[in-house]
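To keep things clear, I will list the structure first and then write my remarks on it.
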Amino acid sequence: MAESEADTPSTPIEFESKYFEFDGVRLPPFCRGKMEEIANFSLRSSDIWIVTYPKSGTSLLQEVVYLVSQGAEPDEIGLMNIDEQLPVLEYPQPGLDIIQELTSPRLIKSHLPYRFLPTAMHNGESKVIYMARNPKDLVVSYYQFHRSLRTMSYRGTFQEFCRRFMNDKLGYGSWFEHVQEFWEHRMDSNVLFLKYEDMYKDLGTLVGQLARFLGVSCDKAQLETMVESCNQLIEQCCNSEALSICRGETLSICRRERGGRDGGEREVEK
């Protein structure tokens, strides 16, 4: 079905109901009226932040970060509602007031661009883990998300969705600017810039980076155990399809990306 102004948030009425523009960036409607409060949000030195553009592997990253930072077991994480442990700063629930009062160390997520995050973060307070994902894979996942989300009711084609993506007409604005802003701060002492693809290609190095960045002391044997635990999380993701990053991917694809278990490299088919 061809995209039309009645079907997608491109008319003034639809635009107002599904997005609003702040400083030139399209944001979800629940951000309206709270951007100043977000900028002034008080940080703590023990805070751990996970920031991504939507559909960049946030679900899996939060589990790996929780495992590394808290010393949790994969099975334990599987029994938790981990989203309750890592609230999203700008979401309506649980809300800024409740997040502000959480006990330390707080683990907080956000999809906001770097420049919209709390001002104290720009001054080096708190640790920030940013993950970027290949936009070709990201846009497929983002398209599926918009198709399934009742509040968006996206009924255009994938090609039309890609044009929206390229023209910055989706929530949270330009992927290119989002990633570029954090790339420019990758050398900041409080920022760790990661790539989604390394979750599968070089998990050991990624986990080691996380442990050092978060100040988690471990010897070689402990690090190997930690990496294996993270491998188990990825297996659980691929087997159960419980995490959004693995929707649409088969177990064989996940295993192949982790290390070629299925015999040889080939292009991932979505």
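The values are calculated or read from the model by the stated rules, or taken from the named source; none is laboratory data. Because the structure is predicted, anything quoted here is derived from the model rather than measured. Note that each Cβ is placed from the backbone with ideal geometry, even for glycine, and that neighbours are counted across all protein chains shown.
Could you check, for segment 138-146, whether at least one of its residues is within 14 Å of the chain's Cα centre (by Cα) and not in a helix (DSSP H, G or I)?
Narrowing segment 138-146 to residues within 14 Å of the chain's Cα centre (by Cα): 138-139, 141-142, 145.
Restricting the remaining residues to those that are not in a helix (DSSP H, G or I) gives none.
No; the residues of segment 138-146 include none that is within 14 Å of the chain's Cα centre (by Cα) and not in a helix (DSSP H, G or I).
Okay, residues lined up against (1) surrounded by 14 or more Cβ atoms within 10 Å (Cβ to Cβ); (2) modelled with pLDDT under 95; (3) touching a Phe, Trp or Tyr at 6+ places or on another chain (Cβ under 6 Å); (4) at positive phi:
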{"position": "47", "(1), (2), (3), (4)": "yes, no, no, no"}
{"position": "69", "(1), (2), (3), (4)": "yes, yes, no, no"}
{"position": "80", "(1), (2), (3), (4)": "no, yes, no, no"}
{"position": "86", "(1), (2), (3), (4)": "yes, yes, no, no"}
{"position": "114", "(1), (2), (3), (4)": "yes, no, yes, no"}
{"position": "120", "(1), (2), (3), (4)": "yes, no, no, no"}
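How many of the residues making up segment 25-63 are of a type in the set (Gly, Ala, Ser) and without any contact (Cβ under 8 Å) to a residue 24 or more places away in the chain?
1
How do the helices (runs of 4 or more DSSP H) wholly within segment 191-246 filter down when requiring 3 or more residues that are under 28 Å from residue 178 (Cβ atoms), modelled with pLDDT of 90 or more and of a type outside the set (Lys, Arg): which remain?
203-213
Suppose the filter is closer than 17 Å to residue 129 by Cα, in contact with a Pro (Cβ under 8 Å, 6 or more places away or on another chain) and at pLDDT 90 or above; does residue 178 pass it?
yes
Of everything in segment 21-55 that's acidic (Asp, Glu) and assigned to a loop (DSSP other than H, G, I, E, B), which residue is nearest to the chain's Cα centre (by Cα)?
Among those that are acidic (Asp, Glu) and assigned to a loop (DSSP other than H, G, I, E, B), it is 47.
Could you tell me which residue of segment 82-106 is farthest from residue 129 (Cα to Cα), considering only residues that are part of a helix (DSSP H, G or I) and of a type in the set (D, E, K, R)?
97
Return the residue satisfying two criteria in turn: it lies in segment 147-160 and is modelled with pLDDT under 85 and part of a helix (DSSP H, G or I), and of such residues it is nearest to residue 59 (Cα to Cα).
Ranking the qualifying residues of segment 147-160, first place goes to 148.
Identify the residue in segment 166-191 that is surrounded by fewer than 20 Cβ atoms within 10 Å (Cβ to Cβ) and among the hydrophobic types (A, V, I, L, M, F, W, C) and, among all such residues, is nearest to residue 53 (Cα to Cα).
If we take residues in segment 166-191 being surrounded by fewer than 20 Cβ atoms within 10 Å (Cβ to Cβ) and among the hydrophobic types (A, V, I, L, M, F, W, C), then 176 is nearest to residue 53 (Cα to Cα).
Would you tally the residues in segment 180-205 being under 18 Å from residue 59 (Cα atoms), touching a residue at least 60 places away in the same chain (Cβ under 8 Å) and not acidic (Asp, Glu)?
Number satisfying all stated conditions: 6.
So which residues in segment 15-40 are surrounded by fewer than 18 Cβ atoms within 10 Å (Cβ to Cβ) and within 23 Å of residue 186 (Cβ to Cβ), if there are any at all?
Residues satisfying the conditions are 23, 38, 39.
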